[in-house]
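Take a look at the structure below.
Any read-out appearing in this document is the output of simple, stated calculations on the displayed coordinates, not a laboratory observation. These numbers come from a predicted model, not from an experiment. No Cβ is skipped: glycine too gets one built from the backbone with ideal geometry, and neighbour counts run over all protein chains shown.
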Amino acid sequence: MDTEHGTIFIRLYELLLESYGPRGWWPLLGRVGQPGFDAEGYHPGFEPELSNTDRFEIAVGAILTQNTSWINVRRALGNLSRHVRDRCTMLSPEAVLDIGTEVLAGLIRSSGYYNQKARKLMRMSSMFAGIKGVPERDGLLNLWGIGPETADSILLYAFDGPVFVIDAYTRRILSRVAGFELDASDQVYHRLQSTIQNALPRDTGLYREYHALLVEHGKNRCLKRDPLCSDCPVRGMCDYIVQKP
Ligand code: SF4
């Protein structure tokens, strides 16, 4: 285990958790109204047992959230869920395949790039309909339009896979706090991912909460331009404010 990085990553996690509290990701629209879930499907401090419908909803959400905000994804998922419910069925790979690419694109319009995303969802649904259990990471990566971040989000949040998700917020915050590479290439993705995984305990609950906290911090304080450093819970361990002119 990489203890030097481990100390930094654990301290960062503790400070973010203390500041923001548990985030309750991945939100599940299909579970709103059930104990432990809030009005938007978040479940802070509660790790629900996932059904196949939940897992598929997470996988669909992971594709819909590419290049857009969660508010837009929620509208798209809401439309899709209503559409399948009106046909007396549940959200599933088979239900999505039955909808067809054109109608699906209309239902998910609010998520942007809806024609591309509809094609991606159809391909992922074909794959999911043909397998039982956990999809292979390589199988997901071989699907058109699914890169490491989307594949790992699906594996970690839907299938409890021990993979740390790296996104733009993770790269930005870790480049500022710990001098990591900012580059968005797959090579840097995997280098950063294995550094984090070697430094942290292999704990999928920790990976999920940590990623959600980095997203929260990146959206609210560690902004791309003009980060709000004076009000930052991790400023005491951040190199960026030292280097800032
Ligand atoms: S001190 Fe500033 S740059 Fe560093 S993590 Fe906080 S907000 Fe980001």
Can you give me the pair-distance distribution of region 1-119, C-alpha pairs, 5 Å bins, whole percents? 2, 11, 18, 19, 16, 12, 9, 6, 5, 2, 0
Euclidean distance between Cα centres, region 103-170 to region 192-221, Å: 19 Å
A correct Karplus calculation of ³J(HN,Hα) over region 131-148, with 6.51 cos²θ - 1.76 cosθ + 1.60, θ = phi - 60°, whole Hz and x for Gly and Pro, returns 10, 10, x, 7, x, 6, 4, 5, x, 5, 5, 6, 6, 4, x, 10, x, x
Whole-number D in µm²/s for region 185-245 (Stokes-Einstein; Kirkwood sum over Cα pairs; 37 °C, 0.692 mPa s): 244 µm²/s
Taking Cα pairs closer than 8 Å and at least 6 residues apart, the relative contact order of region 72-171 in percent is 20 percent
Using the Karplus curve 6.51 cos²θ - 1.76 cosθ + 1.60 with θ = phi - 60°, what ³J(HN,Hα) values do you get for each residue of region 191-202, in whole Hz, with x for Gly and Pro? 5, 5, 4, 6, 5, 5, 5, 6, 9, 10, x, 6
Could you tell me, in Å, what Rg and Dmax come out for the Cα atoms of region 123-242? 15.9, 53
Multiplying the sequence separation of VAL32 and ALA129 by 0.36 nm and subtracting their Cα-Cα distance, what value in nm do you get? 32.4 nm
Let me know the longest stretch in the chain that avoids all trypsin sites (Lys or Arg not before Pro) found in a DSSP loop with at most 13 other C-beta atoms within 10 Å. 1-86
D_trans [Stokes-Einstein, Kirkwood Rh over alpha-carbon pairs] for region 141-193, 25 °C, 0.890 mPa s, µm² s⁻¹: 212 µm²/s
√(5λ) per eigenvalue of the Cα gyration tensor, the chain, largest first, Å: 32, 19, 18
For a label point 7 Å along the Cα-to-beta-carbon line of THR89, residues of region 98-136 with backbone N under 11 Å: 98-100
Relative to the compact-globule scaling 2.2 N^0.38 Å, provide the ratio for the alpha-carbon radius of gyration of region 54-158. 0.96
For the chain, what does the helix formula give at 222 nm: sum of -39500 (n - 2.57) over DSSP H segments with n ≥ 4, over the residue count, nearest 500 deg cm²/dmol? -17000 deg cm²/dmol
